[in-house]
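The values are calculated or read from the model by the stated rules, or taken from the named source; none is laboratory data. Keep in mind that what you see is a predicted model, and the values were worked out from it rather than measured. Cβ sites come from the backbone with ideal geometry, for glycine too, and all protein chains shown count toward neighbours.
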Amino acid sequence: MQRQSWEGVDATTSGKWARPARRVRRDALDRTTGWCRAATRGAARQGMAVTLALCCMAPVSAVYAQTTGATGATGAAAGTAAPQDRAVVNAKSEAPIEPAAPTSRKVSWHSPEDGDFDASDFLLNHRGALPVPTIITEPAIGYGGGVALMFFSESMADAARNAKETGVMSPPNITAVGGMYTENGTWGAGLMHFHTWGGDSIRYLGGLAKVNMKTDYYGLSNSPRSYQLNGWLLVQQVLFRIGNSHWFVGPRYTYFDSNTHFTGQIAQEVGVPDAQRRIGKVGLVIDYDSRDNMFFPNKGSYLELEIQAARPWAGSSQSFETYNGRGYTWLPLSREWVLGLRLDGRFSAGDTPFYAQPYVKLRGVQQGRYQDQNAAMVEAELRWNVTPRWSVLGFSGAGRAWGKWKSFSEADAVVSVGAGFRYLIAAKLGLAVGVDVAHSKGENAFYIQVGSAWH
């Protein structure tokens, strides 16, 4: 993250949100959370990233993304998300407001500045287990829901107070357990732990999940063939900060032991469709992040590069490689308008399992609908910050999958369009929630979003 105060994290005080009317002002915050805004940019962004991503993305989505080589909830949102400064609190740092001593008090669900509903107080001061429900609307697996329990080693406000004593800002350690179920019989359950050392110089992410996914494979015939994917997923990752920069680099290991079974017409082009396969991949992850807020940015960029190889010595039953790169940038056009741009490429080589092939991921497009050896996407989103709390947005994207079944020129190009809205539900964290509605060729879908749709 850029070296900055909490204006970047508290969207109500950033340049795109600040308005004379109904403005949530920095100097109006109470003394208890005032210093948290200055010092907890690490805890809030990293801790809440893990919380919200794991709870709002189903474990099945994480499994599917990991096996296809795309970064899922266990990757981008946790171990590789939103690097922030190790804020050394000293005389040269910005002059924060002294935190009040912890006291037992009733949690406020309304902002004292504008009177609107706001969950900042609860999220900043919550300790222990945090139950978080989720609603699933992904067309590939149908409607459903789930719940996760998040266990924090300390509250974000506590992390801020400790940082003032130690001089180093570190996010809290987090353990999560959860499960989900959808209308087509897809279900999953998982366990995750996130830990940091050395003042956030080292980040560890570990996850274990059981998944039973029912979805369709299109492949060469471009028609849906239903199949079931049942297995166990293990993810281990360690990232190291490069100096005092925004860059992180480190190894990632993914192991997926699965059984696949076509429940209707068999996709003959995939060879032996009903089989037990193991994917054991080792790779390198490189991250860069300069967003002003990881949840709902108004400016800055995010970049991730990943190279992974599946080999027998790593536990894989077949050998192949995946190469993934994605970049997002947000450009402030004015005080009220923000333009977001996305470029995403996913490539594979070797004997890649059919369910692990890259696919086009766009709002309004069923996941796995356009799938082949390679996939690429571009997307643009224009947002209008109507008030400090409310914003509306429109977006459009295009993607194509090619390589094994069709050449790039022969492959179908898919275009999606849509619109949505967001409500700033936690002003002190810059956390917004809302709904996106999208359309592509022959498909319509809606999504309940936490922050940006780009993770």
For the stretch 353-366, which positions are more than 20 Å from the chain's Cα centre (by Cα) and crowded, with 22+ Cβ neighbours inside 10 Å? P353, Y355, Q357
Give me the pairs, please: first residue somewhere in the stretch 108-130 and free of Cβ contacts under 8 Å to residues at least 12 places away in the same chain, second residue anywhere and crowded, with 17+ Cβ neighbours inside 10 Å and not polar (S, T, N, Q), beta-carbon distance under 9 Å, and either six or more positions apart or on two chains. H110/D116; H110/D118; H110/D121
Can you find even one residue in the stretch 407-421 that is assigned to a strand (DSSP E or B), farther than 18 Å from L362 by Cβ, over 18 Å from the mean Cα position of the chain (by Cα) and touching a residue at least 12 places away in the same chain (Cβ under 8 Å)? yes
Before we move on, is W454 touching a residue at least 12 places away in the same chain (Cβ under 8 Å), within 30 Å of N259 (Cα to Cα) and in a loop (DSSP other than H, G, I, E, B)? no
Out of all the residues in the stretch 426-442, which are surrounded by 19 or more Cβ atoms within 10 Å (Cβ to Cβ) and assigned to a strand (DSSP E or B)? A426, L431, A432, V433, G434, D436, A438, S440
Based on what the data block shows, is R278 over 27 Å from W454 (Cβ atoms), buried (at least 17 other Cβ atoms within 10 Å of the Cβ) and not small (G, A, S)? yes
With (1) surrounded by 17 or more Cβ atoms within 10 Å (Cβ to Cβ); (2) at pLDDT below 90; (3) not polar (S, T, N, Q) as the list, and H261 as the residue in question, which single condition is left unmet? (1)
Complete set of residues in the stretch 373-394 that are surrounded by 23 or more Cβ atoms within 10 Å (Cβ to Cβ) and more than 19 Å from the chain's Cα centre (by Cα): A375, R383, N385, P388, S391
Condition set more than 14 Å from the chain's Cα centre (by Cα) and polar (S, T, N, Q), scope the stretch 287-305, selection surrounded by the most Cβ atoms within 10 Å (Cβ to Cβ): answer is N298
